[in-house]
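Q: Starting off with a structure, shown below.
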């Protein structure tokens, strides 16, 4: 009788141990967060082994902020990345929710560099030229809305906004850059 009680006790402990380990394992894997998300935008600043990427597409985050542009300081960028390039970034792990956010890239691809047949400059070179203007360069979160080339005037036009956090609608600006 005593042997059967000991056997039953051992069996119960083994069942609890197996069930407990199984639950712990399931719980642990459900709380792990490996987020594979992508983010597309223009490189607007580079500093200290990281780049500020800002999306040109706005979204509404609440009733008072109807025009919000995502911006993320991305670390682990390839060394050949340049300001003005349009990139797509994949992240592994979370993105810090500060504004701009912060995250580490696991993969970065650069969009094909756009250069109209009759133009001398490429789109990213034009953006870099525009940033020589201190008024534009001093914008903390520069949103590049559109870059166009006019073959008739041989002028590039950049539409941009300052995405400083505000409840008001963001004012759009334009700058023209000669194709030289």
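Q: Filter the range 121-165 for residues that are in a loop (DSSP other than H, G, I, E, B) and within 20 Å of the chain's Cα centre (by Cα) and give the result. Give the steps one after another, and end with the answer.
A: The first filter runs over the range 121-165 and keeps only residues in a loop (DSSP other than H, G, I, E, B), leaving 121-122, 131-133, 138-141, 151-154, 163-165.
139, 140, 141, 163, 164, 165, listed by residue number.
Q: So in the range 148-172, with the set limited to residues that are farther than 14 Å from residue 54 by Cα and at pLDDT below 95, which one is surrounded by the most Cβ atoms within 10 Å (Cβ to Cβ)?
A: Among them, the one singled out is 170.
Q: Check 135, 145, 107 and return the single one that is at pLDDT below 95 and over 21 Å from residue 50 (Cα atoms).
A: Numbers: 145 fails: at pLDDT below 95; 107 fails: over 21 Å from residue 50 (Cα atoms).
Testing whether each residue is at pLDDT below 95 and over 21 Å from residue 50 (Cα atoms) leaves just 135.
The values are calculated or read from the model by the stated rules, or taken from the named source; none is laboratory data. Note that the structure is predicted; figures quoted are calculated from it, not measured. Heads up, the Cβs are rebuilt from the backbone with ideal geometry, glycines too, and the neighbour counts pull from every protein chain shown.
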